[in-house]
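Written below as structure tokens is the structure these notes are about.
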2 protein chains.
Amino acid sequence: MNIKIETTEDVEGLGLVKGFKVSGIGCDIRGKGDFSRLDTAIVFSETDANAAGVFTTNDVKAAPVMLDMRRLSENPLARAIVANSGNANACTGNRGMEDAEKTCRIAAGELGLKPEEVLVCSTGRIGEFLPMEKLEKGIKEAASKLSNSAESSKAAASAILTSDTRSKTAICRVDCGNGSSFSVAGMAKGAGMIEPNMATMLAFLATDAKISSDKLRNSLKKAASKTFNRMTVDGDMSTNDTVLILANGLSGVEISGEEISEAFDKAVLEVSRVLARKIVGDGEKITKVVEVKVREARDSEQAEKICRSIGNSLLVKSSWFGCDPNWGRLTDAAGYARTGLDFEKLDLYYDTTPVIIQGQPKPEFKEEWKKIVSRKTFTVDMNLNMGSAEESILAADLTEGYVNFNKGE
Amino acid sequence: MNIKIETTEDVEGLGLVKGFKVSGIGCDIRGKGDFSRLDTAIVFSETDANAAGVFTTNDVKAAPVMLDMRRLSENPLARAIVANSGNANACTGNRGMEDAEKTCRIAAGELGLKPEEVLVCSTGRIGEFLPMEKLEKGIKEAASKLSNSAESSKAAASAILTSDTRSKTAICRVDCGNGSSFSVAGMAKGAGMIEPNMATMLAFLATDAKISSDKLRNSLKKAASKTFNRMTVDGDMSTNDTVLILANGLSGVEISGEEISEAFDKAVLEVSRVLARKIVGDGEKITKVVEVKVREARDSEQAEKICRSIGNSLLVKSSWFGCDPNWGRLTDAAGYARTGLDFEKLDLYYDTTPVIIQGQPKPEFKEEWKKIVSRKTFTVDMNLNMGSAEESILAADLTEGYVNFNKGE
């Protein structure tokens, strides 16, 4: 086979995938009397779809997260996702769980499904109950507007946003080289604070490939671990983070055999990567997206710990904002990850320009450092010279705007 | 015995303790031609003193830290500490270690000691070599000015500062009730960024109690674990953090027996507590010091993890700055510590005002919440209802000023 894989960003959305319809409407979840702000979306598959999810590992999980986890563990099938922004339905106790279940029942009623065929996601303010009356009306309207039109896809991608400044979509088309093809499309919302409350990321993927639920789950897990779980804006993990994928098989392409399975994995990974990069790039009031790469580590755990320590350091993030090539903060943060780093072995580069080689600073490149860290994106490339493991994360800078935006009342 | 313990803040300094002389001078370590800014201090004991230290656990340790650790492990005795601000002598390789050793040799020569009787500390910019010629002159001047006068003590406390806005001192006097008494005094510098580089905390304690080096080390370790290791401004641990204590025994009071040992521990703890609170309170551009207390945890590890997760959350810290009683961020941060928290069991208070009881928000107290979090200091009191362990930390808020101050060039 001569498989071709092509990924496109900023597409209309999930309606581009065979057998999926979507919609997005406004029902004033935020209670501000503003129905023009879209806040409720439905993703609908015309036929049964295998489903898989990756969820927040926060001890405090929102009701919809707990419900979806239970549903997918009982039966990894779904026909629809209903999602709202403006209210996270988190820290809402029994009533929150009842509201999440009721949301599924309402959607199921409108869509002619069983409630257990509907997954639910919420993002927004914590600790407040969902306005169920409004949401019920909203779901009915959303169900009536389901379509695969560009307009509907755009509305859905918009309805899940909170403090994001733009919608986030991507599609990967896989041409199998034998006349058949399938697609994986995705839409996401970013790690931004919501009004005065929560940062959450949601991503919904849809594919018309025919794939077993085990394979689907593995593919999503692998992709998430390299993308959605490798980014940081402020290090705060939400109660609601959710990534879902539905696979309805309507392309007729069965994902079996090494080559086509690899292509499927790659498609899911590429869509996830695009969405993750868009999420970091649209982090609240950020000015930079920096890739932090740690190479030749003893093991992946060490590499990841150092990546996160650097990517979450307030001092490092502040210096990125100031375009200050402050390598002392990078090595300090790498050191306090406490992984048994040996500074005398350390190489560090901004992009490909040497900063430290074997623990020796190279100040002769200082002007070049400054140029690189003044760019909107660059790479911090650290080589530990201790082994062969490698990890990387995408991290945003820390700005005065972020603090101002998040200081609340 | 009727032991009385009295702690006083903002005293002259270490010169108040019998047999200790100190000095602080300026020798332009920062290379700005400004000799009026004090940057080099000496703490000197007239007789042999037992010594103990607690050091950064960062993998990347500055040369003076490595040297002091080695010295104290070989022989827990010291007669002097020489400390400079403006240059951290960190990430400076072999030459950095040679410079640290040379610093001790110079000080030893001036003070009539052996080099191994001198401990050395540096704080300031990372990755630059110490200006040894200037420092040598400075040490000579500092040695010649050693005294127990108030002026000298103040100069010493001032010379170790970097971006601190004020010096930090305390003394605890213990009246043993039988006509004898001893003192523990301390001075510290804070977790503030230095020019465009490093956050470091240094604390030097001196006592005229007569105590074995084992007991001294234990006492310091216990105190540090409850104070200097339970505070956070920005979560960035330095390459140079050091706490040292010297005990010269000149009060004649021997620390033996339960009662007097407890009094000694308490004195070290109280001085450490005062200094730690002053360090957080003088964090860069902060406006608030919040005590985060986690009670009835399964074990200390759980309690500490949750304390740190809350105290280092950018979202929590931003909301403190904005006087926003945003409990959703507190429970979210507690949850992503991933200690197996049960939200349904959780009680949360601002000071003593209920916020959440058994997972149920108490919005009827909202006005009171707002009043409390608008204060300069308050307590976040979280009860997990899972066991009996308790931990607390002192945390600062995150301000736009911090980001601006630390964005560098």
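A count restricted to region A:22-41 and to residues that are farther than 15 Å from A:THR162 by Cβ and among the polar types (S, T, N, Q) stands at 2. Just give me the residues in region B:84-137 being of a type in the set (Lys, Arg) and within 23 Å of the chain's Cα centre (by Cα), in sequence order. Across region B:84-137, the qualifying residue is only B:ARG125. The listed residues are A:GLY235, A:GLY257, and the only one of them that is out of contact with any His (no Cβ under 9 Å at 6 or more places or on another chain) and within 14 Å of chain B (Cβ to nearest Cβ) turns out to be A:GLY235.
Taking region B:43-67 as the range and being more than 18 Å from the chain's Cα centre (by Cα) and open to solvent by less than 10 Å² (accessible area, probe 1.4 Å) as the test, the residues that pass are B:SER45, B:ALA49, B:VAL60, B:ALA63, B:LEU67. Here is the figure for region B:201-211: residues that are open to solvent by less than 10 Å² (accessible area, probe 1.4 Å) and β-branched (Val, Ile, Thr) total 1. For B:ASP214, the requirement of being open to solvent by 20 Å² or more (accessible area, probe 1.4 Å) and modelled with pLDDT under 95 is not met. Sub-8 Å Cβ pairs linking a first residue in region A:217-233 that is open to solvent by less than 70 Å² (accessible area, probe 1.4 Å) to a second residue that is modelled with pLDDT of 90 or more and among the aromatic types (Phe, Trp, Tyr), at least 6 apart or interchain, are A:SER219/A:PHE264, ordered by first then second residue. Take the residues in region A:1-35 that are in contact with a Gly (Cβ under 6 Å, 6 or more places away or on another chain) and part of a loop (DSSP other than H, G, I, E, B); name whichever of them is surrounded by the fewest Cβ atoms within 10 Å (Cβ to Cβ). So, considering only residues that are in contact with a Gly (Cβ under 6 Å, 6 or more places away or on another chain) and part of a loop (DSSP other than H, G, I, E, B), the one surrounded by the fewest Cβ atoms within 10 Å (Cβ to Cβ) is A:ASN2.
Scan region B:68-99 for residues that are closer than 14 Å to B:LEU130 by Cβ, surrounded by fewer than 24 Cβ atoms within 10 Å (Cβ to Cβ) and either among the aliphatic types (A, V, I, L, M) or in contact (Cβ under 8 Å) with a residue 60 or more places away in the chain (or both) and the total you get is 1.
Each row is one residue, and each column tells you yes or no for (1) within 14 Å of chain B (Cβ to nearest Cβ); (2) at pLDDT below 90; (3) in a loop (DSSP other than H, G, I, E, B); (4) over 28 Å from A:ILE5 (Cα atoms).
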| position | (1), (2), (3), (4) |
| --- | --- |
| A:LEU275 | no, no, no, no |
| A:THR287 | yes, no, yes, yes |
| A:ILE306 | yes, no, no, yes |
| A:PRO325 | yes, no, yes, yes |
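Screening the candidates A:ARG277, A:ARG273 for the property of being more than 19 Å from B:ASP236 (Cβ to Cβ), in contact with a strand residue (DSSP E or B) (Cβ under 8 Å, 6 or more places away or on another chain) and open to solvent by 40 Å² or more (accessible area, probe 1.4 Å) yields one hit, A:ARG277.
Restricting attention to region B:344-355, report how many residues are free of Cβ contacts under 8 Å to residues at least 24 places away in the same chain and either outside any helix (DSSP H, G or I) or away from every other protein chain (no Cβ under 13 Å) (or both). So that I can check it myself, show each step before the final result.
As a first pass, look at region B:344-355 and keep what is free of Cβ contacts under 8 Å to residues at least 24 places away in the same chain: B:344, B:353-354.
Retained after the next criterion (residues that are either outside any helix (DSSP H, G or I) or away from every other protein chain (no Cβ under 13 Å) (or both)): B:353-354.
So the count comes out to 2.
In region A:123-142, what residues are among the small types (Gly, Ala, Ser) and either farther than 14 Å from A:ARG37 by Cβ or more than 14 Å from chain B (Cβ to nearest Cβ) (or both)?
Step one: of region A:123-142, the residues among the small types (Gly, Ala, Ser) are A:124, A:127, A:138, A:142.
Those that are among the small types (Gly, Ala, Ser) and either farther than 14 Å from A:ARG37 by Cβ or more than 14 Å from chain B (Cβ to nearest Cβ) (or both): A:GLY127, A:GLY138, A:ALA142.
Check region B:17-39 and report whether any residue there is modelled with pLDDT of 95 or more, within 18 Å of the chain's Cα centre (by Cα), of a type in the set (D, E, K, R) and under 21 Å from B:LEU216 (Cα atoms). No, region B:17-39 contains no residue that is modelled with pLDDT of 95 or more, within 18 Å of the chain's Cα centre (by Cα), of a type in the set (D, E, K, R) and under 21 Å from B:LEU216 (Cα atoms).
Answer yes if at least one residue in region B:356-371 is of a type outside the set (D, E, K, R), surrounded by 24 or more Cβ atoms within 10 Å (Cβ to Cβ) and either more than 7 Å from chain A (Cβ to nearest Cβ) or touching a residue at least 60 places away in the same chain (Cβ under 8 Å) (or both), and no otherwise.
Kept after step one, since they are of a type outside the set (D, E, K, R), are these residues of region B:356-371: B:356-361, B:363, B:365, B:369.
Keeping just the survivors that are surrounded by 24 or more Cβ atoms within 10 Å (Cβ to Cβ) gives none.
Within region B:356-371, not a single residue is of a type outside the set (D, E, K, R), surrounded by 24 or more Cβ atoms within 10 Å (Cβ to Cβ) and either more than 7 Å from chain A (Cβ to nearest Cβ) or touching a residue at least 60 places away in the same chain (Cβ under 8 Å) (or both).
Among all positions in region B:310-323, there is at least one residue which is at the interface with chain A (Cβ under 9 Å from one of its Cβ atoms), open to solvent by 50 Å² or more (accessible area, probe 1.4 Å) and either more than 24 Å from A:SER318 (Cα to Cα) or not aromatic (Phe, Trp, Tyr) (or both). Against the conditions (1) crowded, with 24+ Cβ neighbours inside 10 Å; (2) over 17 Å from B:SER238 (Cβ atoms); (3) under 28 Å from the mean Cα position of the chain (by Cα), A:LEU346 satisfies every one except (3). Residues in region B:237-260 that are touching a helix residue (DSSP H, G or I) at 6+ places or on another chain (Cβ under 7 Å) and open to solvent by 20 Å² or more (accessible area, probe 1.4 Å): B:MET237 only. On the basis of being in a loop (DSSP other than H, G, I, E, B) and open to solvent by less than 20 Å² (accessible area, probe 1.4 Å), does A:PHE264 make the cut? Against the criterion (in a loop (DSSP other than H, G, I, E, B) and open to solvent by less than 20 Å² (accessible area, probe 1.4 Å)), A:PHE264 does not qualify.
Please go through region B:350-379 and pick out each residue that is touching a Cys at 6+ places or on another chain (Cβ under 9 Å) and either modelled with pLDDT under 95 or not basic (Lys, Arg) (or both). Don't jump to the end; show me each part of the working.
Start the filter on region B:350-379 by keeping residues that are touching a Cys at 6+ places or on another chain (Cβ under 9 Å), which leaves B:356, B:359, B:361, B:370, B:373-375.
Those that are touching a Cys at 6+ places or on another chain (Cβ under 9 Å) and either modelled with pLDDT under 95 or not basic (Lys, Arg) (or both): B:ILE356, B:GLY359, B:PRO361, B:VAL373, B:SER374.
Evaluating A:ARG298 against the criteria (1) in contact (Cβ under 8 Å) with a residue 40 or more places away in the chain; (2) at the interface with another protein chain (Cβ under 8 Å from one of its Cβ atoms); (3) surrounded by fewer than 24 Cβ atoms within 10 Å (Cβ to Cβ) leaves one unmet condition, (2). Of the residues making up region B:133-145, at least one is surrounded by fewer than 21 Cβ atoms within 10 Å (Cβ to Cβ), out of contact with any helix residue (DSSP H, G or I) (no Cβ under 7 Å at 6 or more places or on another chain), polar (S, T, N, Q) and not in a strand (DSSP E or B).
Determine, yes or no, whether B:LEU346 is modelled with pLDDT of 95 or more and touching a Gly at 6+ places or on another chain (Cβ under 9 Å). Yes: the conditions hold for B:LEU346.
Within the group A:ASP59, A:ASP68, A:ASP99, which residue is charged (D, E, K, R) and at pLDDT below 95? So that I can check it myself, show each step before the final result.
On the way: A:ASP68 fails: at pLDDT below 95; A:ASP99 fails: at pLDDT below 95.
After ruling out the rest, the residue left standing is A:ASP59.
Could you please let me know if B:LEU113 is outside any helix (DSSP H, G or I) and either among the β-branched types (Val, Ile, Thr) or over 26 Å from A:LEU341 (Cβ atoms) (or both)? Here the answer is yes, as B:LEU113 does meet what is asked.
Number of residues in region A:372-404 that are under 16 Å from A:LEU314 (Cβ atoms) and either open to solvent by 50 Å² or more (accessible area, probe 1.4 Å) or part of a helix (DSSP H, G or I) (or both): the value is 5.
The values are calculated or read from the model by the stated rules, or taken from the named source; none is laboratory data. Since the model is a prediction, treat every value here as computed from it, not as a measurement. Note that we place each Cβ from the backbone using ideal geometry, even for glycine, and neighbour counts take in every protein chain shown. To get the accessible areas, we keep the full protein, side chains included, count just its heavy atoms, and leave off ligands, DNA and RNA. Shrake-Rupley method; radii C 1.70, N 1.55, O 1.52, S 1.80 Å.
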